[in-house]
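A short worksheet on the structure shown next.
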Amino acid sequence: MTSLDPRAPLVLDTRELGRRPGSQLEMVRTVPAPAELGIEVLHVPEGSPVELDLRLEAVMEGVLVSGSASAELDGECARCLDPIEDEITVRLQELFVYDDVRHDASDKDLDDEVSRLEDDLLDLEPLLRDAVVLALPFQPLCVEDCPGLCVECGARLADDPEHGHDEPIDPRWAGLEALQDNPQDPSTTTD
């Protein structure tokens with residue numbers, strides 16, 4: 001019994017290949033994006049269309065999946081927090097090993113890293129998720145030289161490139177600053 005739902009959008013049925021090495025199947029399909037596809041500040045919105053252009057090829061050990069996936073991205077600039085809308089296209093390639101192909105005991109560590117077919121079904125979601133996350137920039141920017149926000153007041157520096165603040169006053173001298181600003185003020189004079 002398989003744990004994969006054959007009706008799931010990212011589960012592909014490979015029975016048409018017939019386990020005949022060299023047989024191929026090409027497919028183009030649009031599927032809804034799974035939840036949490038991306039990183040915290042840049043992601044593919046859940047349910048948005050993901051365009052898949054794939055080739056499935058039967059080989060001796062299993063099915064080789066190769067192709068590309070394209071999707072729209074939403075997020076925010078890591079420096080100024082402005083919204084970002086972009087597109088991403090990632091290359092996909094993975095060998096899904098037949099579930100009845102066994103490795104010897106020395107390959108036990110490799111067994112955990114191998115993608116497997118379950119009853120001739122393959123789940124494309126982990127491959128898609130890995131490809132998208134690895135292709136995204138760690139700190140996305142709205143423009144390459146985004147100046148970001150002022151660390152003191154939060155003003156957007158791209159809107160005001162001459163933005164600045166006076167030098168901070170040492171709190172130990174703040175009383176003298178008050179005297180300098182209002183020399184005639186009787187409350188600031190000392191007797």
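Given 75, 164, which one is over 26 Å from residue 48 (Cβ atoms) and either exposed (fewer than 12 other Cβ atoms within 10 Å of the Cβ) or at pLDDT 90 or above (or both)?
Values: 75 fails: over 26 Å from residue 48 (Cβ atoms).
The match here is 164.
Among the listed residues 3, 70, identify the single one that is in a strand (DSSP E or B), of a type outside the set (A, V, I, L, M) and either surrounded by fewer than 17 Cβ atoms within 10 Å (Cβ to Cβ) or without any contact (Cβ under 8 Å) to a residue 24 or more places away in the chain (or both). Can you show your working first?
Numbers: 3 fails: in a strand (DSSP E or B).
Of 3, 70, the one residue that is in a strand (DSSP E or B), of a type outside the set (A, V, I, L, M) and either surrounded by fewer than 17 Cβ atoms within 10 Å (Cβ to Cβ) or without any contact (Cβ under 8 Å) to a residue 24 or more places away in the chain (or both) is 70.
So which of 58, 78, 69 ends up being touching an Asp or Glu at 6+ places or on another chain (Cβ under 9 Å) and of a type in the set (A, V, I, L, M)?
Details: 58 fails: touching an Asp or Glu at 6+ places or on another chain (Cβ under 9 Å); 78 fails: touching an Asp or Glu at 6+ places or on another chain (Cβ under 9 Å).
From the options 58, 78, 69, the qualifying one is 69.
Condition first: among the hydrophobic types (A, V, I, L, M, F, W, C), touching an Asp or Glu at 6+ places or on another chain (Cβ under 8 Å) and surrounded by 14 or more Cβ atoms within 10 Å (Cβ to Cβ). Now tell me which residues in region 18-38 satisfy that.
The answer is 25, 33, 37.
Looking at region 131-183 only, could you name the residues that are of a type in the set (Asp, Glu) and either more than 18 Å from residue 42 (Cβ to Cβ) or outside any loop (DSSP other than H, G, I, E, B) (or both)? So that I can check it myself, show each step before the final result.
Initially, region 131-183 is screened for residues of a type in the set (Asp, Glu), giving 144-145, 152, 159-160, 162, 166-167, 170, 177, 181.
Result: 145, 152, 159, 160, 162, 166, 167, 170, 177, 181.
Considering region 39-67 alone, what residues qualify as being of a type in the set (Val, Ile, Thr) and part of a loop (DSSP other than H, G, I, E, B)? Talk me through it step by step, then tell me what you get.
First, the residues of region 39-67 that are of a type in the set (Val, Ile, Thr): 39, 41, 44, 50, 59, 63, 65.
Across region 39-67, the qualifying residues are 41, 59.
Among the residues of region 75-99, how many are in contact (Cβ under 8 Å) with a residue 24 or more places away in the chain, of a type in the set (Val, Ile, Thr) and farther than 14 Å from residue 39 by Cα?
2
The values are calculated or read from the model by the stated rules, or taken from the named source; none is laboratory data. In this text the structure is predicted, and so the values were computed from the model without any measurement. Cβ coordinates were reconstructed from backbone atoms using ideal geometry, including for glycine residues, and neighbour counts include every protein chain displayed.
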